[in-house]
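S.K.: First the structure, which I've put down as structure tokens, then a few questions once you've had a look.
The values are calculated or read from the model by the stated rules, or taken from the named source; none is laboratory data. No experiment lies behind these values; they were computed from the predicted model shown. Note that each Cβ is placed from the backbone with ideal geometry, even for glycine, and that neighbours are counted across all protein chains shown. Accessible surface areas use protein heavy atoms only, side chains included; no ligands, DNA or RNA. Shrake-Rupley method; radii C 1.70, N 1.55, O 1.52, S 1.80 Å.
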Amino acid sequence: MSEEKSLNFIEEIVEEDLRTGKHGGRVLTRFPPEPNGYLHIGHAKSICLNFGLAQQYNGKTNLRFDDTNPVTEDTEYVESIKKDIQWLGFQWAEELYTSDYFETLYGYAVELIKKGLAYVDDSTAEEIAAAKGTPTEPGIPTPYRDRSITENLDLFADMRAGKYKDGEKVLRAKIDLASPNMHLRDPLLYRIKHAHHHRTGNQWCIYPMYDFAHGQSDSIEKITHSICTLEFIPHRPLYDWCIEKLEIFPSKQYEFARLNMTYTVMSKRKLLQLVNDKFVESWDDPRMPTISGLRRRGYTPASIRNFCDKIGVQKRENMIDVSLLEFCIREDLNKTAWRRMAVLDPIKLVITNYQDGQVEDLVGENNPEVEGGEGHRIIPFSKELWIEREDFMEDAPKKFFRLGPGLSVRLKHAYIVTCNDFVKDENGKVTEVHCTYVPNSKSGEDTSGLKVKGTIHWISVPHAKEAEVRLYDRLFNDENPAAAEDFKESINPASLHVVERAYIEPDLANATPGKGYQFIRLGYFTLDTHSTPAHLVFNRTVTLKDSWGKEVKKNG
């Protein structure tokens, strides 16, 4: 029997709303990204929550771009966000933009002025901040708080007409300068920005603040459940105040804990810094926690959705161990990744009793974890093979179950071989391992009766394809880099190791982007998006086991 999963607190709210017939039994959520950067794994949690909730209760989700700051926004980010959401497996009901509502929002601001609930302030940003007071001391009114409604209407119209410079005037709500909630001490509603907007061009030179645009945009769309992260709790009273004073559809805001993850930074500002300062290649660098970076590294939509499901929805901030995300991708790729062989640090193995020029076509299943193996591929076998250098030791310890003088192993999908000799160069480095094979020990047809404890992978020398292999690791050495004075100081210098010339089995020349491959004994890999047939590039998605966990225990 499967254990029934309990509802999270947002599901409980939705179910109660549906039971009482609130909003006419509708569920309409929204995902409101700012188009000023690429989405990251924290956004994936919000996407899965908003879209998943709507799917669960036969509702819909709007994708609404919060494009109220033209200085930082770009259509590149818009397109990347849409691609990421669809890749995760979700589709929005309507694609909308806060800029679609600029005229309506302007009208709402005018209405607040007419009700005596908003005024134009000529104070500088520093003067406004000083006049707001402190959490223990009330604010004081600026000289412009008691302007007449007529004067405020004229000044606001002039702001829109472009008669003032950036920062010269702002529109503020008139609420309560003594409120214990600093967000209610006459917050800014509009500011002047003479900047080209990626959608409206130069049509506007005043733009609504997020706190004003957010609730009203929800209301315009008749959003039933507006789900935000915990830092928006103090903003909720303003959200409610605007809706109440404007007497518009009462959308309701609910808050959940954002995703914090070890060895990761989630701030878009910090991620942008990593890109601009060339610590990483780009937003989709496979070391980045961006959805595009995870995709390029070989993470699957199913693994990310499963991760978001496992961490759940909380009301309190917490730190999730990145090893859980790595567990989710291992679990998924173990079931879906095709097995292939690759040698990253090659040394030649020569089978001295195998006929010169002879080639055998051996058979290897694609995925032993799936019934039927998902088909098979042909693996050419010959007298000379590449094996991993670490699979041979000149002076092997007792429990070394690989190759060394007198030691035997099975070659994966092939034969049992015994090491008889080896060759060194003038520097004393081993260059060749000489073995004999047991002809009647072929995998699947073994009648030799021999038992060996070790199995190693290999590549036929004349059939090997070359590839660049990028071994990615965690970008930070610090468990909580965001808490450091300078997060960049904890960047892991070993976060990328490039193997410029690895040997792979011929079938990997047909690898397809987005497909996961388990390089036997080495880890999970995927073809890089920048790979070409002439220069194959594979990225390591994750190691086979949690090597970081072992290090932590060892040093603990």
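S.K.: Mind checking which residues of region 1-47 are open to solvent by 10 Å² or more (accessible area, probe 1.4 Å), modelled with pLDDT of 90 or more, more than 30 Å from SER292 (Cβ to Cβ) and among the aliphatic types (A, V, I, L, M)?
M.R.: LEU7, ILE13, LEU18
S.K.: Okay, moving on. Within region 109-118, track down each residue that is closer than 15 Å to LEU188 by Cβ and touching a residue at least 60 places away in the same chain (Cβ under 8 Å). Let's see the steps before the verdict.
M.R.: First, the residues of region 109-118 that are closer than 15 Å to LEU188 by Cβ: 109, 112-113, 117-118.
Residues satisfying the conditions are ALA109, LEU112, LEU117, ALA118.
S.K.: Can you list the strands (runs of 3 or more DSSP E) lying wholly within region 329-380 that have 3 or more residues being in contact (Cβ under 8 Å) with a residue 40 or more places away in the chain and among the hydrophobic types (A, V, I, L, M, F, W, C)?
M.R.: Correct list: 346-351.
S.K.: If you don't mind, another one. If ILE175 meets every condition in (1) free of Cβ contacts under 8 Å to residues at least 40 places away in the same chain; (2) in a loop (DSSP other than H, G, I, E, B); (3) under 30 Å from THR29 (Cα atoms) apart from one, which number is that one?
M.R.: Among (1) free of Cβ contacts under 8 Å to residues at least 40 places away in the same chain; (2) in a loop (DSSP other than H, G, I, E, B); (3) under 30 Å from THR29 (Cα atoms), ILE175 violates only (1).
S.K.: Give just the number: which of (1) in contact (Cβ under 8 Å) with a residue 40 or more places away in the chain; (2) closer than 22 Å to MET182 by Cβ; (3) open to solvent by less than 20 Å² (accessible area, probe 1.4 Å) does PRO237 not satisfy?
M.R.: (3)
S.K.: For MET266, all conditions in the list (1) in contact with a Pro (Cβ under 9 Å, 6 or more places away or on another chain); (2) over 23 Å from ILE10 (Cβ atoms) hold save one; what is the number of the exception?
M.R.: (2)
S.K.: Which one is nearest to the chain's Cα centre (by Cα), of the residues in region 158-211 that are among the aliphatic types (A, V, I, L, M) and open to solvent by 40 Å² or more (accessible area, probe 1.4 Å)?
M.R.: So the residue we want is MET209.
S.K.: Please find, among GLU221, GLU231, the residue that is within 30 Å of TYR190 (Cα to Cα) and touching a Phe, Trp or Tyr at 6+ places or on another chain (Cβ under 9 Å).
M.R.: Numbers: GLU231 fails: touching a Phe, Trp or Tyr at 6+ places or on another chain (Cβ under 9 Å).
None of the other options fit; the residue is GLU221.
S.K.: Tell me which strands (runs of 3 or more DSSP E) are completely within region 20-107 and hold 3 or more residues being free of Cβ contacts under 8 Å to residues at least 24 places away in the same chain and not β-branched (Val, Ile, Thr), or say none if there are none.
M.R.: none
S.K.: Pick from region 410-460 the residues that are touching a Phe, Trp or Tyr at 6+ places or on another chain (Cβ under 6 Å) and of a type in the set (Phe, Trp, Tyr): which of them is surrounded by the fewest Cβ atoms within 10 Å (Cβ to Cβ)?
M.R.: TYR437
S.K.: Something else now. Would you confirm whether or not region 71-91 contains a residue that is touching a helix residue (DSSP H, G or I) at 6+ places or on another chain (Cβ under 8 Å), open to solvent by less than 10 Å² (accessible area, probe 1.4 Å), under 22 Å from MET261 (Cα atoms) and not aliphatic (A, V, I, L, M)?
M.R.: yes
S.K.: Is there a residue being in a loop (DSSP other than H, G, I, E, B) and modelled with pLDDT under 95 anywhere in region 114-123?
M.R.: No; the residues of region 114-123 include none that is in a loop (DSSP other than H, G, I, E, B) and modelled with pLDDT under 95.
S.K.: Report yes if ARG287 is under 25 Å from VAL498 (Cβ atoms) and basic (Lys, Arg), otherwise no.
M.R.: yes
S.K.: Against the conditions (1) in a strand (DSSP E or B); (2) among the small types (Gly, Ala, Ser); (3) loosely packed, with under 15 Cβ neighbours inside 10 Å, where does ALA467 fall short? Just the number, please.
M.R.: Single failed check for ALA467: (3).
S.K.: While we're here: Considering only residues that are buried (at least 20 other Cβ atoms within 10 Å of the Cβ) and more than 17 Å from LYS488 (Cβ to Cβ), look in region 254-282 and name the one that is farthest from the chain's Cα centre (by Cα).
M.R.: Taking the candidates together, the pick is PHE256.
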